[in-house]
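Below is one structure, written out as structure tokens; the observations come after it.
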Amino acid sequence: MESRRNPRAVVDPKVRQVGFFTSDSTHHPPDPIASDSHPVPTVSPSRNSLSPVMIPPPRHNSSDAFPLRAAAAASAVSPSSFSYSTRRDFPDGSTTAASPGRVSRGSFSRSSLASSSLPGVGMDSMAAAKSSSVPASGLTTVSVVNMPHGLSEKASGVSDQKKSSKPLKEKTTKAERRALQEAQRAAKAAAKAEGGGKAPAPLVSSGSVASTSVKAAKPAKPSSQKNDVAVAATAAAGPSEKKGGTSEKDRKKDAPHPRMQYDDESRVVKAKRRAVVKQTEAKNRVELFRHLPQYEHGTQLPDLETKFFQLDPMHPAVYKVGLQYLSGDISGGNARCIAMLQAFQEVVKDYSTPPEKTLNRDMTAKISSYVSFLIECRPLSVSMGNAIRFVKNRIAKLPITLSESEAKAALQSDIERFISEKIIAADKAIVKHAVSKIRDGDVLLTYGSPAAVEMVLLQAHELRKKFRVLVVDSRPKLEGQLLLRRLIKRGINCTYTHINAVSYIMHEVTKVFLGASSVLSNGTVYSRVGTACVAMVASAFRVPVLVCCEAYKFHERVQLDSICSNELGDPNAISKVNGRGDINYLDGLTNNANLQFLNLMYDATPSDYISMIITDYGMIPPTSVPVIVREYQKEHLLV
Amino acid sequence: MWRRSASFILDERRRTSNSPPMADNNTTRAPFQNPDAISAYYQTRAAHHGVITSDWLAQAQAAVGGVSGEEYPDSSVAETGKEKTFNVIEEFNGWRKQPDLAEAVAAIRALAAVIRASEASTMMELEIELKKASDTLKSWDKTSISLTAGCDLFIRYVTRTSALEYEDFNSAKSRLLERAEKFGEISCKARKIIAMLSQDFIFDGCTILVHGLSRVVLEILKTAAQNNKLFRVLCTEGRPDGTGVLLSNELSKLDIPVKLLLDSAVAYSMDEVDMVFVGADGVVESGGIINMMGTYQIALVAHSMNKPVYVAAESYKFARLYPLDQKDMAPALRPIEFGVKIPEKVEVERSARDYTPPRYLTLLFTDLGVLSPSVVSDELIQLYL
């Protein structure tokens, strides 16, 4: 894989490329149609158009709609990079669609395990694309089509952007080789595309663009995301296909992988070009975590708010959810997942198939584009990723024979069922199992504000069990205070402390209840930062640690440390204390080259410290997580 | 130094307070004795040996239902239990009379008979009947884990056939019956299978430590002796049930060299032991086992001395329990006789069993194969989900 990629350049943090960014007309305008979804080294690195991430202009006409660049170019670009990125991965790994992307890519943002699920779907199309890259250019084009659409929606593509990206491409020799490949493929694709009708054409171009923008989208996931975006974009851009062909192509090329490495400058640039949310990169970043995106907080929200009415391709419900994520109004795996699914239900309700498109593919593309937007707002959590995989799976499985309204109703009910079965009913089952472990006289410790644990404690209190609770909290989020309020209101006897005192109080604790963002296949619990610390101290004191986690949050990947996949929060949050203006020792040092702030959001707790995991399937030892994942998949093909 | 220890003070108090009959008790109870009282202490212990051996029979009879159906051959008796208003209990008892049959297997056979004798006309009815019979059997002895687990597993296994609701009732019923009989047979043969599987682990010249009287372990040792392997067995005394004596009787009949140990001599003898074999009352979801009191101790000692601990358990003993610590299980108390009178205010730890966490166990020999402890949950999930 390495050989096929451009050597990764270190990303200059000041050039922040996150999310999607439109690539301007790159060197691909010559073969708009023929562009294949081949990874294109040429496009990637050079495409450093520093246009800020822009809201994708309306498909049909670019320039005037937004202050940002026109979409057309962007749309063309995004799909291509999209397809390209996925394409890249496939040849490298001879693995199935799902795995290579995940493994080969950098961590997009670890919390966005969802991205893994996304690429899963996208990858499937990609895989199809890849495997039949030459022969089935029709196929590729199809998949590629999806990408461009999404991308065009998202990326603010403008032709000028694309153009500027072109020079970037030419810098690499590999790119040149790729361009050559692409031209060849494009020729083939063009031949097929002609036969395929207008839909394939933009796809092809986007495909080629995508392939050219090889560099950017290494991780399969991001690419699949982009693909989806691209797809949605292309799907939407009916009339302007031709015109947006080039731009779509370019955009595709630029679309970064959902799990892309953010320390790769070229990719980040590309991603940025497509992004809807304007994110400015943080200045000082810790070297070890440069593969994770780090934004300057506080800049995006007002920006997005103003653009609310200009976001044509974005559904208002999804936009709203994205804003809520950005501002931190909704946090916690379950809440975010439910909000997103409800937004998707709205999307489905308001959806109408554009002419000449199939519902399956178009809807998938749309969903992918929305997901890309959400990722830009805040990296996906595992729960969201699994839910997205489920939704895409259901869409793909819709029988062709259904009418549109029936299909929409089926989808809506599927989503409703997912929420009620996998989240709400699962929580009830967890509570039932967990309260059986609480005895009179227990001292229960909990960390942060896990939703499942809160329900358990409240239910145990209803059952008149005599216990008291120790809430451990930590800065900067201080989520434990929320939990504390809710428990006190119900009359539960609570104690509150911060995490630095956890070894001091652990001797009087009888059980520890923790929540999880996800549980991985090797039994590692991926949860709010600080959880590992609490679990380790509890294990040293031989206090049993019980993790409450719904089964839909399980994931089949394996993580050995907290570094390769994580989410970086706002660094300013740790340099300042809310409400304490006198703690200003670090004022003015935020931009010091010798000082880097690291605000991690998640950490990984090894399975040795966990006594039991309580899921809706019952109480299982941490070693049995892969069994559940396996059984689950047999059942639904997804979580 | 002894003068200042708390236990010494307690002894002092007890001695000054009274009772010669207490003196014996004190010696057995007090963790520490004055140097001059040591010999008296040991002397009393010696006396107790005699008491125990003569008492065990009565106690065993009384406690048989509560502790572990497996451990007493011929369990017979005693659970003053339920009046036999139901067919199933009679059937159950009929099966149980066979000396070699485990309690859970008897229950499984009884439940299979319920299906056979059932007069239900729909699948739903049959399942309800089955559930009722199973509940009755479980309530016959609430503390027996293998009984509960066996009944639950049976119901799950039998009703897990696909498309039950689509067939006509009779064929579905016969299918159920088939599976039930198969399950019963597997359970009956389980011991033989386990014995066969474990032969590879017993090598010539090895020393095996055995705790508790498990019929499965006995079967294993019998088979090994029949295969002309040369090994010797150290068995713990197994107070208060006296399982050690019983086991040594059986083993000496097979001409296997046996050595009896005090329960407390396990660490002392662990050096010369090559492996530890125990049975199980129940195997819990974490992969740990619930077995006769003392198993946890022995497993801890073996683990710290790097000796493997092998558990021989049939697969119907896999229970959906998950104890977090020793006290997290349903209590199973048994009367413990010390042979001398104990004052009322003295508490006695009467629990009959303890929980051994999976990290101290090396392998489980089951009729499903030789498994590692984490596979138990795997099997349970596959069956229950």
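Return the residues of segment B:371-385 that are closer than 18 Å to B:S187 by Cβ and among the aliphatic types (A, V, I, L, M); say none if nothing qualifies.
B:L371, B:V376, B:L380, B:L383
Please pick out the residue among A:R468, A:R464, A:R439 that is more than 20 Å from A:A516 (Cβ to Cβ), out of contact with any Cys (no Cβ under 9 Å at 6 or more places or on another chain) and more than 14 Å from every other protein chain (Cβ to nearest Cβ).
On the way: A:R468 fails: out of contact with any Cys (no Cβ under 9 Å at 6 or more places or on another chain); A:R439 fails: more than 14 Å from every other protein chain (Cβ to nearest Cβ).
Unique residue meeting the criteria: A:R464.
Hey, A:D608 hits all of (1) over 30 Å from A:K397 (Cα atoms); (2) within 14 Å of another protein chain (Cβ to nearest Cβ); (3) touching an Asp or Glu at 6+ places or on another chain (Cβ under 9 Å) but one; which does it fall short on?
For A:D608, the exception is condition (3).
Please go through segment A:531-543 and give me each residue that is buried (at least 24 other Cβ atoms within 10 Å of the Cβ) and away from chain B (no Cβ under 14 Å), ordered by number.
Of everything in segment A:531-543, those that are buried (at least 24 other Cβ atoms within 10 Å of the Cβ) and away from chain B (no Cβ under 14 Å) turn out to be A:T531, A:V534, A:A535.
Which is crowded, with 23+ Cβ neighbours inside 10 Å and either in contact with a helix residue (DSSP H, G or I) (Cβ under 6 Å, 6 or more places away or on another chain) or away from every other protein chain (no Cβ under 14 Å) (or both), of A:L546, A:L586, A:L560, A:L568?
A:L568
Can you tell me which residues in segment A:508-520 are of a type outside the set (A, V, I, L, M), more than 13 Å from every other protein chain (Cβ to nearest Cβ) and farther than 14 Å from A:Y447 by Cα?
A:E508, A:S518
Among the helices (runs of 4 or more DSSP H) confined wholly to segment B:243-341, which include 2 or more residues that are buried (at least 24 other Cβ atoms within 10 Å of the Cβ) and more than 14 Å from chain A (Cβ to nearest Cβ)?
Correct list: B:243-253, B:295-304.
How about segment B:90-115: which of its residues are crowded, with 21+ Cβ neighbours inside 10 Å, among the small types (G, A, S) and modelled with pLDDT under 80?
B:A102
Of the conditions (1) touching a residue at least 40 places away in the same chain (Cβ under 8 Å); (2) more than 14 Å from chain A (Cβ to nearest Cβ); (3) outside any strand (DSSP E or B), B:K345 satisfies every one except a single condition; which number is it?
(1)
Among the residues in segment A:370-392, are any surrounded by fewer than 20 Cβ atoms within 10 Å (Cβ to Cβ) and either at pLDDT 90 or above or of a type in the set (V, I, T) (or both)?
Looking for residues that are surrounded by fewer than 20 Cβ atoms within 10 Å (Cβ to Cβ) and either at pLDDT 90 or above or of a type in the set (V, I, T) (or both), one finds none in segment A:370-392, hence no.
Using the structure shown, decide if A:K432 is at pLDDT 90 or above, over 28 Å from the mean Cα position of the chain (by Cα) and part of a loop (DSSP other than H, G, I, E, B).
When the stated conditions are applied, A:K432 does not pass them.
In segment B:246-268, how many are among the β-branched types (V, I, T) and either over 21 Å from B:D281 (Cβ atoms) or touching a Phe, Trp or Tyr at 6+ places or on another chain (Cβ under 7 Å) (or both)? Show your work before the answer.
Our first condition is that a residue be among the β-branched types (V, I, T); within segment B:246-268, this holds for B:256, B:258, B:266.
Of the ones still in play, those that are also either over 21 Å from B:D281 (Cβ atoms) or touching a Phe, Trp or Tyr at 6+ places or on another chain (Cβ under 7 Å) (or both) are B:256, B:258.
Matching residues across segment B:246-268 total 2.
How do the pairs read when you match residues in segment A:611-634 that are of a type in the set (K, R) with residues anywhere that are assigned to a loop (DSSP other than H, G, I, E, B), using Cβ under 9 Å and keeping only pairs 6 or more apart or on different chains?
A:R630/A:E556
Before we move on, is A:A551 buried (at least 18 other Cβ atoms within 10 Å of the Cβ), modelled with pLDDT of 85 or more, within 11 Å of chain B (Cβ to nearest Cβ) and under 20 Å from the mean Cα position of the chain (by Cα)?
So A:A551 fits the description; yes.
Which is over 29 Å from B:G339 (Cα atoms) and either modelled with pLDDT of 95 or more or surrounded by 19 or more Cβ atoms within 10 Å (Cβ to Cβ) (or both), of B:L176, B:L209?
After ruling out the rest, the residue left standing is B:L176.
Considering only residues that are out of contact with any Leu (no Cβ under 8 Å at 6 or more places or on another chain) and either surrounded by fewer than 14 Cβ atoms within 10 Å (Cβ to Cβ) or modelled with pLDDT of 80 or more (or both), which ones fall in segment A:589-598? Give the derivation first.
Start the filter on segment A:589-598 by keeping residues that are out of contact with any Leu (no Cβ under 8 Å at 6 or more places or on another chain), which leaves A:590-594, A:596-597.
Answer for segment A:589-598, where residues must be out of contact with any Leu (no Cβ under 8 Å at 6 or more places or on another chain) and either surrounded by fewer than 14 Cβ atoms within 10 Å (Cβ to Cβ) or modelled with pLDDT of 80 or more (or both): A:N591, A:N592, A:A593, A:N594, A:Q596, A:F597.
Can you name every residue in segment A:451-502 that is within 35 Å of the chain's Cα centre (by Cα) and charged (D, E, K, R)?
Those that are within 35 Å of the chain's Cα centre (by Cα) and charged (D, E, K, R): A:E454, A:D473, A:R475, A:K477, A:E479, A:R485, A:R486.
Quick one: would you say B:P357 is in contact (Cβ under 8 Å) with a residue 40 or more places away in the chain and facing chain A (nearest Cβ under 10 Å)?
Working: in contact (Cβ under 8 Å) with a residue 40 or more places away in the chain: yes; facing chain A (nearest Cβ under 10 Å): yes.
Yes.
Answer yes or no: is there a residue in segment A:520-532 that is assigned to a helix (DSSP H, G or I) and either closer than 22 Å to A:N334 by Cα or modelled with pLDDT under 95 (or both).
Yes, there is a match, as at least one residue in segment A:520-532 is assigned to a helix (DSSP H, G or I) and either closer than 22 Å to A:N334 by Cα or modelled with pLDDT under 95 (or both).
Which of the residues spanning segment B:360-383 are within 14 Å of chain A (Cβ to nearest Cβ), in a loop (DSSP other than H, G, I, E, B) and surrounded by 15 or more Cβ atoms within 10 Å (Cβ to Cβ)?
Correct list: B:L361, B:P373, B:S374.
May I ask you to list the residues in segment A:361-396 that are among the basic types (K, R) and touching a residue at least 24 places away in the same chain (Cβ under 8 Å)?
A:R361, A:K366, A:R378, A:R389, A:K392
Quick check on segment A:478-490. Is at least one of its residues farther than 22 Å from A:G332 by Cα and surrounded by fewer than 19 Cβ atoms within 10 Å (Cβ to Cβ)?
The initial filter retains those residues of segment A:478-490 that are farther than 22 Å from A:G332 by Cα, namely none.
Scanning segment A:478-490, I find no residue that is farther than 22 Å from A:G332 by Cα and surrounded by fewer than 19 Cβ atoms within 10 Å (Cβ to Cβ), so the answer is no.
The values are calculated or read from the model by the stated rules, or taken from the named source; none is laboratory data. Remember, it's a predicted structure, so these values are computed and weren't measured experimentally. Using ideal geometry, Cβ is built from the backbone for each residue, glycine included, and neighbour counts are taken over all protein chains shown.
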